[in-house]
Amino acid sequence: MNPLDAPPSHLDVPKGEQEDFYSDDDLFKIQSWGADLSFRELISRYDEDELVKPELQRHYVWDKSEASRFIDSILLGLPVPSIFLAKTNNEKLLIIDGYQRLMTVRDYVKGIFSKNKKVFKLSRTEKIHKRWRGKPFAELKEEEQRRIRNTTIHAIIFMQRSPAKGDTSLFQVFERINSSGRTLLAQEIRNCVYQGPLNTLLLELNNYPIWRKMFGKNIRDDRMRDVEYILRFFALSSDEMLYSNVFPSRISLKKYLNQFMDDFNEDEFIDDFRDNFLKSIGIAYECLGNSAFHNLSTSNPDQLIERFSPTLFDSVLIAFFLAIRNKAPITNNVECQKRKLTLLKNPEFQNLLAKETMRTSNIRRRIAMAYDAFFGE
């Protein structure tokens, strides 16, 4: 694993989940083709919402020097690197790679630099041809303005042909092709590929104050790990996961969460998802407080460590979700804390939290143990 992708110190992620990779035949169910598109056309499509940047994908990050250098290259007639787009089921084009380049040209033509909201004038450094230093688009000669608008950039466009529903293969395309400088984590890619009501709900719930307290950070995780844990709650609490007799004996968490977002990214599911999460997290907070998802210290078995445990999170929160659904009696805060401590001191439960965490029988067993600990007689 790239060190930049490793979980931060406040997360207690099992090693097996950090090394979750998969590949399957989805990559062979897509079609790709090339198209030369002018910046005039790309800007128009973006303004008309036909060319879209995924929600919270990436902010504009180039500084004025980088942006000016790119405009200078276009004016000099130098080749422009290709961009990658994905054609969606609703006939829009999703930007996979190339957002910085596209927005740089759009900003310059429109006259305002996105990063500081000031007039976009090219830098006055020696890296920029003296003919254009310090000039906004409006001060260029007409033929220079046309040169920028009419410059074409080669776009490689992907479209998933089979299965007709969903974008499972595009996840892997994005994962392999994106060149933004650091590897994107799974939820960052889902946020780009699986646009829709479920993705919007995840971003909404991630701002819920009680969740922020229990996750342990007021500031949202810039790699979207916190968003993925909410998705994880929805996916692992599904009836299919908990009760199906034909469910796989082991899952790739990455692939399973992709499929779940693909299958449930519809308006009809959103109200129930929101209600289930808010009720479950609310009662878990009342009973267990900020440390609901903290495991025991290995050096002091009576003390909790201040690290969020994903496997403890899904075990406990799904147990509370099932208790609400089953209308099981919920004990007071003091009793809940005692029961949690007893559960955490169980060697079998600790083993389930740390090893083979994506084996279906282990997922079901650790949730069942949490349910029995809190709501059993």
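With viscosity set to 0.692 mPa s at 37 °C, what whole-number translational diffusion coefficient in µm²/s follows for the stretch 197-375 from Stokes-Einstein and a Kirkwood radius over Cα pairs? Provide the component values of the computation, followed by the final result.
Working: Rh = 16.6 Å.
Result for D is 198 µm²/s.
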Aspartates and glutamates whose Cα lies under 13 Å from that of LYS127, excluding same-chain neighbours fewer than 8 positions away: GLU66, ASP72
Percentage relative contact order, the chain, counting C-alpha pairs under 8 Å, at least six apart: 19 percent
Given [x] 1.12; [y] 1.06; [z] 1.04, the label whose value is Rg/Rh (Cα atoms, Kirkwood Rh) derived from this model: [y]
Backbone HN-Hα couplings from phi across the stretch 331-348 [Karplus 6.51/-1.76/1.60, Hz, Gly and Pro as x]: 7, 6, 4, 4, 5, 4, 4, 5, 5, 5, 4, 4, 4, 5, 8, 7, x, 5
Nearby aspartates and glutamates by direct alpha-carbon distance to LYS118 (threshold 15 angstrom, same-chain neighbours under 8 apart not counted): ASP63, ASP107
C-alpha center-to-center spacing [the stretch 212-249, the stretch 314-365] in angstrom: 15 Å
The stretch 197-375: relative contact order as a whole-number percent, Cα under 8 Å and 6+ apart: 25 percent
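Report the GluC sites (Glu not before Pro) located in the stretch 238-293 that are in a DSSP loop and have at most 12 other Cβ atoms inside 10 Å of their Cβ, or state none. Each step should come with its number before you reach the end.
Numbers: sites: GLU240, GLU266, GLU268, GLU286; in loops: GLU266.
Qualifying residues, ordered by number: GLU266.
Relative contact order (percent) for the stretch 38-110, with alpha-carbon contacts under 8 angstrom and 6 or more residues of separation? Show your work: numbers first, answer last.
Numbers: 59 pairs, mean separation 29.0, N = 73.
Worked out over the stretch 38-110, it gives 40 percent.
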Lone cysteines, the chain (no partner Cβ under 4.7 Å): CYS192
Residue-by-residue Karplus 3J(HN,Hα) for the stretch 288-294, coefficients 6.51, -1.76, 1.60, Hz, glycine and proline x: 10, x, 4, 8, 3, 10, 9
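For the pairs LYS213/LYS255; LYS217/LYS338; LYS254/LYS355; LYS213/LYS327; LYS115/LYS135; LYS53/LYS213, note any where the Cα-Cα span goes beyond 22 Å.
Working: LYS213/LYS255 29 Å; LYS217/LYS338 25 Å; LYS254/LYS355 17 Å; LYS213/LYS327 26 Å; LYS115/LYS135 18 Å; LYS53/LYS213 30 Å.
Table pairs above 22 Å Cα-Cα are LYS213/LYS255; LYS217/LYS338; LYS213/LYS327; LYS53/LYS213.
What number, rounded to the nearest 500 deg cm²/dmol, is the helix-based mean residue ellipticity at 222 nm of the chain, given -39500 (n - 2.57) per DSSP H run of at least four residues and division by all its residues? Intermediate values should be presented prior to the final figure.
Values: 17 runs with 183 residues, N = 377.
Counting only the DSSP helices, I get -14500 deg cm²/dmol.
Taken together, the values in this text are just the output of simple stated rules run on the coordinates, not laboratory data. Remember, it's a predicted structure, so these values are computed and weren't measured experimentally. Cβ sites come from the backbone with ideal geometry, for glycine too, and all protein chains shown count toward neighbours.
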